[in-house]
Amino acid sequence: MRAILIHNPDAASGTAAGETAVLALLRDAGYDTAIGSLGDQNWEKGLAADDIVVASGGDGTISKVAGRLAGQPAAIAILPRGTANNVARSLGLLGMSLAQLIESWATADRCRVDLGRISGIRGPEYFLEGVGVGLYADIMARLNATDNAGIAHLETPDKLLEMIAILRHGLQERAPVPIHGTLDERDISGDYLLIEALNFPFIGPNLKLAPQADPGDGQLDVVLVPETARSALDVYLARCLSGAADVPADLPVLRGRRLQLHGVGGCIHLDGITPAAGTCSGSGILRIEVSDRHVTLLVPSDGIPTTPRRQPTGA
């Protein structure tokens, strides 16, 4: 069986030494190996159904690989080597060594995971973790700016705490803004500090905003934070800073398949990406929905606290 290790030229974890070590582990486990690069526009062409595409890195690498494999049968195997590791955390993949994870693939379940799709912006079409507007998206755009490179590229747990502290400070200063929208034709228009349409429970610096989110149920968990929920979000962020993040946020959440937002001002984030300037327009309509395409993830059968729809192993 072939395992294709995907190189992400933008990721700090994608060093030559790190990739060499992963390739050695794959060969020791009996896999034929190859390397693909996210910088190559054609690496996913010609994949066989029984190939394993190895996303070794953080959430950004996993999301980019998933977007390129939308609707393809080849399974994605995750080796979490990032800072937040939200996808791996949601699927119960943390706490195992890389060698143990690779060994587990032989008996792993093939889990069908939804991809989200967004229209109304220029940039990536598919997302894996979530899409949002408001406080978190605007803070992300600031942190990703070139004058904040020291924070944006810090790859330690301190980065997560720093991001949470910045979010909490931003929350204290932020005023809610009017947003017009519908969720499966239900009117959800109102004044909001934040709206997040999530496929997974966690987002950003390990914020568990949608604890019941299931990435395989065909639904998005839409977190809505109006002025009346400001205090609840502040309490949660304070708890995260104090090291008590195990208790999830107690925020209003609605579930649905199609979210439409009108006249969104400020910035938008897709997973960990804030699209380039010019995409954050207040004049358009954002359509955010569960796509009819999905990806397949290899997940140890005993390690999924959030349980996506499963396919039999080998499907």
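The values are calculated or read from the model by the stated rules, or taken from the named source; none is laboratory data. Since the model is a prediction, treat every value here as computed from it, not as a measurement. Here the Cβ positions follow ideal geometry from the backbone for every residue, glycine too, while neighbour counts run over all protein chains shown.
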Out of (1) hydroxyl-bearing (Ser, Thr, Tyr); (2) touching a strand residue (DSSP E or B) at 6+ places or on another chain (Cβ under 9 Å); (3) farther than 26 Å from Gly216 by Cα, the one Ser90 does not meet is (3)
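Look through Asp59, Asp40 and report the one residue that is of a type in the set (Asp, Glu), in contact (Cβ under 8 Å) with a residue 40 or more places away in the chain and not assigned by TED's automatic domain parsing to the domain that holds Pro201. Give the steps one after another, and end with the answer.
Working: Asp40 fails: in contact (Cβ under 8 Å) with a residue 40 or more places away in the chain.
Result of the check over Asp59, Asp40: Asp59.
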In the set Ala49, Ala84, which member is assigned to a loop (DSSP other than H, G, I, E, B), outside the structural domain of Leu160 (by TED's automatic domain parsing), within 16 Å of the chain's Cα centre (by Cα) and of a type in the set (Gly, Ala, Ser)? Ala84
Return the residue satisfying two criteria in turn: it lies in the range 66-92 and is free of Cβ contacts under 8 Å to residues at least 40 places away in the same chain and surrounded by fewer than 23 Cβ atoms within 10 Å (Cβ to Cβ), and of such residues it is nearest to Arg293 (Cα to Cα). Arg68
Condition broken by Ser231, with the remaining ones in (1) modelled with pLDDT of 90 or more; (2) part of a loop (DSSP other than H, G, I, E, B); (3) more than 22 Å from the chain's Cα centre (by Cα) satisfied: (2)
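Within the range 18-60, can you find the residues that are hydroxyl-bearing (Ser, Thr, Tyr) and surrounded by fewer than 18 Cβ atoms within 10 Å (Cβ to Cβ)?
Listed by number, the residues that qualify are Thr20, Thr33, Ser37.
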Only one of these is crowded, with 18+ Cβ neighbours inside 10 Å, assigned to a helix (DSSP H, G or I) and at pLDDT below 90: Met163, Met140. Name it. Met140
